[in-house]
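The values are calculated or read from the model by the stated rules, or taken from the named source; none is laboratory data. Since this is a predicted model, take the numbers as computed values, not measurements. Using ideal geometry, Cβ is built from the backbone for each residue, glycine included, and neighbour counts are taken over all protein chains shown. Side chains included, ligands, DNA and RNA excluded: accessible areas come from the protein's heavy atoms. Shrake-Rupley method; radii C 1.70, N 1.55, O 1.52, S 1.80 Å.
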There are 2 protein chains.
Amino acid sequence: MTEQKLSDTSAAPGVRPIGTPAPSGPHGSAGPVAPGPGAVAALRPLGVGQARLDADGLLGRWRRRNAEDTLPHCVDNLHRAGNIGNLRAAAGESDEAFAGMWFADSDVHKTLEAAAWELSVSSGDGALRSFVEDTAALLARAQQADGYLNSYFTVAAPDERWRRPDWSHELYCAGHLIQAAVAAARTGVGPELVAVARRFADLLVERFGPDGVEEVCGHPEIETALAELYRLTGHRPYLDLARRFLDLRGRGLLGPGRFGPAYYQDHMPVREAREVTGHAVRQLYLLAGMVDVAVETGEPQLLEAAERLWEDAVHRRTYVTGAHGSRHRDEAYGDPYELPPDRAYAETCAAIASVHLNWRLLLATGRARYADEMERALYNGVAAAVSSDGRHFFYSNPLQVRTGHTGSGEEAAGRRLPWYSCACCPPNIARLMASLHGYLATAHDDGLQIHLYASGSVSAEVAGAAVRVDVRTEYPWQGRVELTVASGPGVPWTLALRVPAWCDAYTVRIDGGPVMAPARDGYIRLTRVWAPGTTVVLDLEMPVRQVSAHPRVDAVRGCVALARGPLVYCLEQADLPPGTVLEDVRLDPAAEVTAAGREDLPGSPVVLTARGSLADAGDSLYTAGIRRERGGAPLTFTAVPYFLWGNRSEGPMRVWIPVAATG
Amino acid sequence: MTEQKLSDTSAAPGVRPIGTPAPSGPHGSAGPVAPGPGAVAALRPLGVGQARLDADGLLGRWRRRNAEDTLPHCVDNLHRAGNIGNLRAAAGESDEAFAGMWFADSDVHKTLEAAAWELSVSSGDGALRSFVEDTAALLARAQQADGYLNSYFTVAAPDERWRRPDWSHELYCAGHLIQAAVAAARTGVGPELVAVARRFADLLVERFGPDGVEEVCGHPEIETALAELYRLTGHRPYLDLARRFLDLRGRGLLGPGRFGPAYYQDHMPVREAREVTGHAVRQLYLLAGMVDVAVETGEPQLLEAAERLWEDAVHRRTYVTGAHGSRHRDEAYGDPYELPPDRAYAETCAAIASVHLNWRLLLATGRARYADEMERALYNGVAAAVSSDGRHFFYSNPLQVRTGHTGSGEEAAGRRLPWYSCACCPPNIARLMASLHGYLATAHDDGLQIHLYASGSVSAEVAGAAVRVDVRTEYPWQGRVELTVASGPGVPWTLALRVPAWCDAYTVRIDGGPVMAPARDGYIRLTRVWAPGTTVVLDLEMPVRQVSAHPRVDAVRGCVALARGPLVYCLEQADLPPGTVLEDVRLDPAAEVTAAGREDLPGSPVVLTARGSLADAGDSLYTAGIRRERGGAPLTFTAVPYFLWGNRSEGPMRVWIPVAATG
């Protein structure tokens, strides 16, 4: 989850911004009395109510769709699939059999968290508010006397409680409960959840703390959740337990399991790891916890380890869509440069986790590369997972679906499904989309930093005064961003604007006049006394790019991906003439690719038009000699944003387009 | 398993060659009394004792290694892993807990079958004979009163007997028991096994026959086994039951299972299927059963369906090594042209199954393409699965292992393991290697057909007389094959010699004189009255080939595989200068690739030497623009036969070599 609400001290007493000293007294004590050993965050998230998305921009429309469609759909499905029934049974109010996965509670917690974020920015309809209140009360009733709360191990397998840390997801579910409670506390919705979460967290401290058992959970999540609960409450044992779980990891406590200890990152201590391994979501959640603990404890080694692992992931094992996870079998990272577009697992939850991780790293370090990666994952890997109607979802997000594709069951990935037997992804999408506004900007003592461009407004306290900047843009369709300083202090402060890594050229005008504004470390920094009403127009050139992969990425050799701005594009069967086999399309590398709006497609996207040809494929699977494809029939074809694929018809798709041989 | 012993009427009364009328009387009746409705086989397998491999050729050495190392190793491991103990427990002679997979009995049956074939060609050491006799007796004691025989469902889960056809492998295990019994009967080793197998088969007829339940097994194997038992015994209900299992398949009787009905080919009737699907071994075993039943019942639709599915498999979903199965997750075929070399599952058992299937199709149709495919699978996909020492095995046979490869547990495929928790492959290798001589040649009324070239001799009855041809060759290292007709009838008969599909040019000399011998349909047919002592020298040109894949095979675009004769070659880290990253090696497509023997490598293989360069890889995973690799440092490198990889050190390997950009 995100820290973007951390500085909302009004919503929950004791909440403090990341990077400020930790209160060492008990919960609710009168403010900080001694600084922590050195919290290290570079940037502060905005608080609840400090960022807003207009309804007409792309991110604003995603947020609204999430509120109007995805969230009600999730709530419906939690009832239908039995997740709510499980909690009723745990509360002794029903004798229905347990339904679904043993970690089904986490779907409830994630939906609660999403609802809390949503209710903090919209008036909220009564149904959503009732869901939060009813479910919070139900959770309180389902909680055991000692604080334990997990419907599966209460109803279906009481003898197994705490007995299978490799498999049980008990701490994972506890973590999502805590995240929901933190969100509820920060947004003032369902605050009774904090009491429930703290009762459970106190049990965890008792059982797993310094005097308790040495165990870790097979699925990380508790680490970041406990760090967040510490931020909310100032109660140090939560942070210490988060750190203890990190310290205990990599000692083989989980055993080999089915896929070996690297599957759940238990093969070596987290500070020593040099490569991301195993289940991608687990790895990324673990990294988020590492950053959280590093920031709060001020331990540079832990942050260095997280940044080093980020580099391994992003430089050798990340898809051009920002997706993570190359293998279906164990939902895992592959070898370096093993990035098959067709069998990409690219789990939705991993892309979401990447947004969470990159946001944390951005806050901790202020480095633009994390904002770049967050943007790439958001607009491609995450956005593609949800349908235009907000009610269908991909679990796996391949970059290629072949003609004649067959999958197996829910992992077929040829079309989005309304729900899953393992429904981790839909409510995870909901909680990210409900909090999108939180990722737009950050604050610092010297000013405001804008990382994502979207119509809306962002505000923060700078130099003791309220700064507000209103943003108008058609980003990501156009690179022009108009910012108006609505208010600010009467002293100089810095408005920092990110220049995305994909952007080679841009201009800046202030009140219509061009200014020289060289970017440094990925940001243009404009420092002045800003008179209210001053406008800044940032115009990011947004040409179509033909993107190539590293030559060690065997799976896409001889191909390019088309991209424009932060968006990766793809070819879909729906845009090809009837009878055309998508696999035979070749791009003419010399021909210009043009961009234009398409009003007849949902969301009126900018699409690309390219020239190429149809390869003459022949019949033999293998032939002697170096096969030279003969130039086939010329073809003009359309590429659509990857995140929109599969919304018109089920059919072949590909991101990487083979380039026709030249000469 | 194979039919190559079918015509050995001396070893087991009632055995008859494929394609001859079926005896309709009871087992042991005095020969055929009425022809079947039209058995359709084109070629006859040789009988036991009619083919022999010299010890110094490659196939002969494989067979000997199998006898001296692999078979004793299998027997040891059956004891060590608990398979034998399971049968003791089923016989009431031990109270040990069941060990291993629930289909662990099949490993015993396969090893028994291998031992039977081995004992038919070698004097056999006492230990192997004792193993067969002791195990056959143990199986008889473990058999239940009603004929049922399966240690898991006797010892560990008696209540589950016959209750989970999708999962249980009960008929699969029964099939392997029957195959072992058929081999034992044909070779005269452990003939009491036939009684055991028939008791079980009779129970199957009672339970699953026309008056019984309508069920099929999740893992095909019983179909081909029952057809074989019918061939051995002439007992028609066995064949009818085999056919019934085929008829019942594709009606959804197995339910969706975890991976959907296509996983076990239960999604559509076998005669209507147009594509191979799902678990590759199951698909190939099913196809073998289809051919067997088609041949015995004379049903052309069934054979046509099998040939059609073969075309789909071989033209769109087979690796250049002859391996099948593109996906790890469900050990399954992929989409058309989905043939990743790195994540190739390429299960050893699937390559073995391909040999079995192609042999059946060759017998049924006489078409050379099946011999070609059998040869490719044998020399590459199968042969690579076993180490030079005969005691280590691959389960999965990738065509690429990257620098920094990590796998997960037994499917890591970076090195051969001595045994597996699911040990289906090692004893499957053993039964194929023990019967290799059976695949060399076939007979027909007009003569003898030689399909695989290996030093040894083959004989058959042709025109009422014993024909024997002795073969001397260094194939596959050299293309020269010297054949001597040792005996034959005094009338004209045809010696047919296969010209492999990879061979573009050859010469034929008879007693030193060149003859014009155009190949027709893949065979040179030499018809004459052959005087004993006549020599034929077939010289197949064996240049190095650069093999290209179909342009729809995205995973190897811009690459070639090096091949010579039937062998596919690969690059191994062990042959590169220290510090060289295998992924950066590029082949100069214009440079000549030379072949030469290497005495310092095990088996003195012919290796290839090629020229190329090291690509300058750079750092960025993705870059804008079409990346042109700059010509790097020149490099001369060695390629070794794929089947020998991983015998010197564990390290990166690749079959498909990127071709350096020209011009």
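Of the residues making up the range B:392-421, those that are closer than 18 Å to B:VAL281 by Cα and at pLDDT 90 or above are B:PHE393, B:PHE394, B:TYR395, B:SER396, B:ASN397, B:PRO398, B:TYR420, B:SER421. Checked against (1) part of a strand (DSSP E or B); (2) surrounded by 15 or more Cβ atoms within 10 Å (Cβ to Cβ), A:ALA617 meets all criteria but (1). For the range A:345-365, the criterion of being under 24 Å from A:VAL386 (Cβ atoms) and facing another protein chain (nearest Cβ under 10 Å) is satisfied by at least one residue.
Every condition in (1) open to solvent by less than 40 Å² (accessible area, probe 1.4 Å); (2) closer than 28 Å to A:ARG251 by Cα holds for A:LEU193 except the one numbered (2). If you check A:PRO237 against the conditions, is it over 19 Å from A:HIS356 (Cβ atoms), modelled with pLDDT under 95, in the same structural domain as A:LEU303 (by TED's automatic domain parsing) and not basic (Lys, Arg)? When the stated conditions are applied, A:PRO237 does not pass them. Being in contact with a strand residue (DSSP E or B) (Cβ under 7 Å, 6 or more places away or on another chain) and either open to solvent by less than 10 Å² (accessible area, probe 1.4 Å) or at pLDDT below 95 (or both) is not true of A:ALA305. Of the residues making up the range A:474-498, just one is assigned to a loop (DSSP other than H, G, I, E, B), open to solvent by less than 20 Å² (accessible area, probe 1.4 Å) and free of Cβ contacts under 8 Å to residues at least 60 places away in the same chain, namely A:PRO489. Of all residues in the range A:283-312, those that are in contact (Cβ under 8 Å) with a residue 40 or more places away in the chain have Cβ atoms under 7 Å from Cβ atoms of residues that are buried (at least 24 other Cβ atoms within 10 Å of the Cβ) and among the basic types (Lys, Arg), 6 or more apart or on another chain, in A:ALA288/A:ARG360; A:VAL291/A:ARG360; A:ASP292/A:ARG360. Taking B:VAL585 as the residue in question, decide whether it is open to solvent by 30 Å² or more (accessible area, probe 1.4 Å) and over 31 Å from the mean Cα position of the chain (by Cα). Considered against the rule, which asks whether it is open to solvent by 30 Å² or more (accessible area, probe 1.4 Å) and over 31 Å from the mean Cα position of the chain (by Cα), B:VAL585 comes out as no.
For the range B:215-238, check the following and say yes or no: at least one residue is within 18 Å of B:HIS109 (Cβ to Cβ), open to solvent by less than 40 Å² (accessible area, probe 1.4 Å) and free of Cβ contacts under 8 Å to residues at least 40 places away in the same chain. Yes; the residues of the range B:215-238 include at least one that is within 18 Å of B:HIS109 (Cβ to Cβ), open to solvent by less than 40 Å² (accessible area, probe 1.4 Å) and free of Cβ contacts under 8 Å to residues at least 40 places away in the same chain.
Out of curiosity, is A:VAL560 away from chain B (no Cβ under 14 Å) and in contact with a strand residue (DSSP E or B) (Cβ under 8 Å, 6 or more places away or on another chain)? In short, no. Residues considered: A:GLY579, A:GLY603, A:GLY618. Of these, the only one that is facing chain B (nearest Cβ under 9 Å) and at positive phi is A:GLY618.
Could you please find all residues in the range B:355-394 being in contact with a strand residue (DSSP E or B) (Cβ under 6 Å, 6 or more places away or on another chain), in a helix (DSSP H, G or I) and closer than 25 Å to B:HIS328 by Cα? Answer for the range B:355-394, where residues must be in contact with a strand residue (DSSP E or B) (Cβ under 6 Å, 6 or more places away or on another chain), in a helix (DSSP H, G or I) and closer than 25 Å to B:HIS328 by Cα: B:TYR379, B:ASN380, B:ALA385. Look at (1) more than 30 Å from B:SER421 (Cβ to Cβ); (2) within 14 Å of chain B (Cβ to nearest Cβ) and you find that A:GLN265 fails only one, number (1).
Being under 18 Å from A:SER106 (Cα atoms), open to solvent by 10 Å² or more (accessible area, probe 1.4 Å), under 25 Å from the mean Cα position of the chain (by Cα) and away from chain B (no Cβ under 14 Å) is the requirement here; does A:VAL281 meet it?
no
All conditions but one from (1) among the hydrophobic types (A, V, I, L, M, F, W, C); (2) more than 14 Å from chain A (Cβ to nearest Cβ); (3) touching an Asp or Glu at 6+ places or on another chain (Cβ under 8 Å) apply to B:LEU635; the one that does not is (3).
Only one entry in A:ALA463, A:ALA454 is of a type outside the set (Val, Ile, Thr), in contact (Cβ under 8 Å) with a residue 12 or more places away in the chain and buried (at least 22 other Cβ atoms within 10 Å of the Cβ), namely A:ALA454.
Looking at B:LEU253, is it away from chain A (no Cβ under 14 Å) and surrounded by fewer than 23 Cβ atoms within 10 Å (Cβ to Cβ)? Taking the combined requirement at face value, the residue satisfies it.
Scoring A:GLY612 on the criteria (1) in a loop (DSSP other than H, G, I, E, B); (2) within 14 Å of another protein chain (Cβ to nearest Cβ) leaves a single failure, condition (1). Across the range B:319-336, what is the total count of residues that are β-branched (Val, Ile, Thr) and within 7 Å of chain A (Cβ to nearest Cβ)? Residues in the range B:319-336 being β-branched (Val, Ile, Thr) and within 7 Å of chain A (Cβ to nearest Cβ): 1 in total.
Restrict the check to the range B:539-555 and report whether at least one residue is open to solvent by 20 Å² or more (accessible area, probe 1.4 Å), in contact (Cβ under 8 Å) with a residue 12 or more places away in the chain and away from chain A (no Cβ under 14 Å). Yes, the conditions are met somewhere in the range B:539-555. Among what's in the range B:420-448 and is in contact (Cβ under 8 Å) with a residue 60 or more places away in the chain and closer than 17 Å to B:THR484 by Cβ, pick the residue that is surrounded by the fewest Cβ atoms within 10 Å (Cβ to Cβ). The qualifying residue surrounded by the fewest Cβ atoms within 10 Å (Cβ to Cβ) is B:GLY447. Evaluate the following for B:ASP266: is it without any contact (Cβ under 8 Å) to a residue 60 or more places away in the chain and more than 24 Å from the chain's Cα centre (by Cα)? Judged against the criteria, B:ASP266 is not a match. Every condition in (1) within 12 Å of another protein chain (Cβ to nearest Cβ); (2) surrounded by fewer than 23 Cβ atoms within 10 Å (Cβ to Cβ) is met by B:GLU299 except one, and the failing one is (1). Do we find that A:GLY250 is small (Gly, Ala, Ser) and out of contact with any Ser or Thr (no Cβ under 8 Å at 6 or more places or on another chain) in this structure? Taking the combined requirement at face value, the residue satisfies it.
Exactly one residue out of A:GLY438, A:GLY456 is small (Gly, Ala, Ser) and over 16 Å from the mean Cα position of the chain (by Cα): that is A:GLY456.
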